[in-house]
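K.L.:
If you scroll down you'll find the structure; I have some questions about it.
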Amino acid sequence: MNWLSNKLFYTIGITLLCGGLHAQSLAEAKKLYNEGKYAEAKPAFEKLVKQAPSNSSYNHWYGVCCYETGDLVGAEKHLKVAVKRKVQEAYRYMSEVYYKTYRFDEAGEMLEEYINLLAKKKQDPQLFEAKLDLANNAQRMMEKVEDVQIIDSLVVDKDDFLSAYILSEESGTLDSYKDFFQTNEPVNSTVYKNQKGDKIYYAHSTDNDRYCLFSQSMLMDEWGDEKQLPMNINSNNDDNYPFVLSDGATIYYSSKGNGSIGGYDLFVTRYNTNSDTYLAPEQLGMPFNSPYNDYMMVFDEVKGLGWFVSDRFQPEGKACVYLFIPNPEHKRVESEDIEMKRTRAAITSIRDSWKEGSDYADLIRLSHTEIPYGEEKIEKDFEFIIGNDIVYYKLDEINSPEAKSYYEKVVALNKQIKELNEKLDGLRTSYAEGNKARKEQLKPTILQAEEQLNALLEQPGELEKKARNAEINYLKNKR
């Protein structure tokens, strides 16, 4: 009897002790969680989930810890359990997971559910209605993803991304703010100096602690006359990393405002000599922009190449520099397959963007080559890639009469598309600056031009494919 009593008391004691340790572990984990120390709270919640796999609270807390520490796969798995159990905040975090994995339509659905839950509790949904607009905008951008050939990529330390840029002398120079101005100020920006060496563009923080774009000119033998670029470029958020084309009027830069879909987004604007200001900034499409930070868009017009940086899917402190062939006509990916568009927009693999039979080795070598000012470059009317080592730059180089006929139409269509894009830029600027009556007047004209542009965009790609096949067949028959 005594033996049984002792065993019973021992069992009860162990059970109570374990229960006490469990409760202490949960309390400590929740304290860390509420303090935003997700990495420290994560192991405790992981143990709790293993002990009670269907517990909605444990799955929610662990899923949030996974999300906040960069484990999107783990976050999705466990937040799904919490969503099924109608845990309110799980919808919000699930929308973030979908958004960062380019499932913008599903992110929108989660946000709609979350907004409904907020409305039922009479809580303000304004912030999340704005997020829903972003998800819808990102979905439209993904559906119109550009067919850009990204020919190389290099993962670097975020503080060292400029090491991947080797510009021809004619394209100007890039330097870090700290090195150019010889300062220890904690300014994370770059300085672009034009080829003439008489103007620089850069960014630094202002009195309200946000980055704005500035320029300076060379006065006698020193830099001076600092000017902040106009407010229609500088947003209410950080604006940074400027680069100016050789025309001296076209500026590419990065902004966390102006409708950014995540962190820094890439924008372009042009100086308008008539109004002595800049046109309304135009947000670049995908794959250049993403739900992450995208910045430092640079074009080398001598090499016919471009670079940009993104920290999408990168570990903390790292970024990826992408090398690409510019797509002046902004041709879109020709496919109805949304998964294909998703992978192209996210740059899941740069090989997905390569043209069949193309060899980019020479262009990659060229990207690492220093080209002095005035060195002769290839005269290009266009770049028509046929296959390995066969690229045409002028109509006269095309051998097949049939292929030449097709490509003449490609050239004409691309010219028409370029003119329409320029027309739309002007119309949109007038619309943004106009009063209500002017906007109503311009609206049908803009919509008509957009419809006309959409009808044209896919045609050059189809004709180029026919021209390529005709040229390949002609070259085969000649052999």
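K.L.:
Taking a temperature of 4 °C and a viscosity of 1.567 mPa s, what whole-number D in µm²/s does Stokes-Einstein yield for the stretch 37-94 with Rh from Kirkwood over alpha carbon pairs?
P.N.:
The calculation lands on 122 µm²/s.
K.L.:
Can you tell me the 0 to 90 degree angle between the C-alpha axis of helix 72-84 and the longest principal axis of the chain, rounded to 10?
P.N.:
Taking Cα atoms only, the helix is inclined about 60 degrees.
K.L.:
How long, wide and thick is the stretch 157-223, going by the Cα atoms along their three principal axes, in whole angstroms, largest first?
P.N.:
35, 33, 18
K.L.:
I'd like the distance between the alpha-carbon centres of the stretch 430-479 and the stretch 139-209, rounded to an integer number of Å.
P.N.:
31 Å
K.L.:
Given the convex hull of the Cα atoms of the stretch 231-382, what is a quarter of its surface area in nm²?
P.N.:
Computing the convex hull of the Cα atoms and averaging its projections yields 11.5 nm².
K.L.:
Excluding ligands, DNA and RNA, what is the solvent-accessible area per residue of the stretch 208-256 at a probe of 1.4 Å, expressed in Å²?
P.N.:
About 48 Å² of surface per residue is accessible.
K.L.:
Across the stretch 369-453, what fraction of all alpha-carbon pairs, as a whole percent, falls in each successive 5 Å bin from zero upward?
P.N.:
3, 11, 15, 13, 11, 10, 11, 10, 8, 5, 2, 0
K.L.:
Using a 7 Å offset from the Cα along the Cα-to-Cβ direction at both N136 and K30, what is the distance between the two label points in nm, to one decimal?
P.N.:
In this crude label model, N136 to K30 measures out at 3.8 nm.
K.L.:
If you average 1/r across every pair of different Cα atoms in the stretch 292-352 and take the reciprocal, what Kirkwood value do you get, in Å?
P.N.:
That comes to 13.2 Å for the stretch 292-352.
K.L.:
Which of the trypsin sites (Lys or Arg not before Pro) across the stretch 31-82 are loop residues per DSSP, with 15 or fewer other Cβ within 10 Å?
P.N.:
K37
K.L.:
How many times 2.2 N^0.38 Å is the alpha carbon radius of gyration of the stretch 123-254?
P.N.:
1.28
K.L.:
Any chance you could run the full-extension gain for S54 through E226? It's 0.36 nm times the residue separation minus the Cα-Cα distance, nm to one decimal.
P.N.:
Taking 0.36 nm per residue and subtracting the Cα distance, the gain is 55.8 nm.
K.L.:
Right, something else. By how many degrees, 0 to 90 and rounded to 10, does the Cα axis of helix 459-478 deviate from the longest principal axis of the chain?
P.N.:
70 degrees
K.L.:
Right, next: About the Cα centre of the chain, what is the dipole size in debye to 20, counting +1 per Lys and Arg Cβ and -1 per Asp and Glu Cβ, all else neutral?
P.N.:
2460 debye
K.L.:
Full extension from E419 to A432: what is 0.36 nm times the residue separation minus their Cα-Cα distance, to one decimal in nm?
P.N.:
Full extension of this stretch gives 2.7 nm more.
K.L.:
I'd like the FRET efficiency for D198 and K178, computed as 1/(1 + (r/R0)^6) with the beta carbon distance as r and R0 of 25 Å, rounded to 0.05.
P.N.:
0.65
K.L.:
To one decimal place, what orientation-averaged projected area in nm² is obtained for the convex hull of the Cα set of the stretch 202-289?
P.N.:
Average projection, Cα convex hull of the stretch 202-289: 6.6 nm².
K.L.:
Same structure, new question: Within the chain, which is the longest segment that contains none of the GluC sites (Glu not before Pro) sitting in a DSSP loop with at most 16 other Cβ atoms within 10 Å?
P.N.:
Counting only loop sites that pass the neighbour cut-off, the longest clear stretch is 36-300.
K.L.:
Moving on. Can you give the three extents of the C-alpha atoms in the stretch 88-190 along their principal axes, from longest to shortest, in whole Å?
P.N.:
60, 38, 21
K.L.:
Related question: Would you mind computing, in nm to one decimal, how far apart the modelled labels at N454 and T273 are, each placed 7 Å from Cα along Cα→Cβ?
P.N.:
For the pair N454/T273, the computed spacing is 3.6 nm.
K.L.:
Counting pairs of alpha carbon atoms under 8 Å apart in space and at least six apart in sequence, what relative contact order in percent does the chain give?
P.N.:
11 percent
K.L.:
Still on this structure, I have one more. When the helices in the chain are scored as -39500 (n - 2.57) per DSSP H run of 4 or longer and the sum is shared across all residues, what 222 nm value do you end up with, to the nearest 500 deg cm²/dmol?
P.N.:
That comes out to -15000 deg cm²/dmol.
K.L.:
What is the calculated FRET efficiency for S335 to T445, with r their C-beta to C-beta distance and R₀ = 30 Å, to the nearest 0.05?
P.N.:
E between S335 and T445, to the nearest 0.05, is 0.45.
K.L.:
Can you list which of the trypsin sites (Lys or Arg not before Pro) found in the stretch 149-218 are DSSP loop residues with at most 12 other C-beta atoms within 10 Å?
P.N.:
Within the stretch 149-218, the qualifying trypsin sites (Lys or Arg not before Pro) (loop, at most 12 other Cβ atoms within 10 Å) are K196.
K.L.:
On C-alpha positions alone, give me the angle between the axis of helix 38-51 and the longest principal axis of the chain, in degrees, nearest 10.
P.N.:
60 degrees
K.L.:
Further, regarding this structure: If you stretched the chain out fully between S217 and S405, how much longer would it get, using 0.36 nm times the residue separation minus the C-alpha to C-alpha distance?
P.N.:
Between S217 and S405, full extension yields an extra 62.8 nm.
K.L.:
I would also like to ask the following. In vacuo Debye scattering of the chain, one point per C-alpha: log10 I(q)/I(0) at q = 0.06, 0.12 Å⁻¹?
P.N.:
-0.37, -1.21
K.L.:
Would you please classify the overall shape of the stretch 294-452 from the alpha carbon gyration tensor, given that a ≥ b ≥ c denote the square roots of the eigenvalues, rounded means a/c under 1.5, and beyond that prolate means a/b larger than b/c while oblate covers the rest?
P.N.:
oblate
The values are calculated or read from the model by the stated rules, or taken from the named source; none is laboratory data. Owing to the predicted nature of the structure, the values given are computational and were not obtained by experimental measurement. No Cβ is skipped: glycine too gets one built from the backbone with ideal geometry, and neighbour counts run over all protein chains shown. Quick note on the areas: whole protein, heavy atoms, side chains included, nothing else; ligands and nucleic acids left out. Shrake-Rupley method; radii C 1.70, N 1.55, O 1.52, S 1.80 Å.
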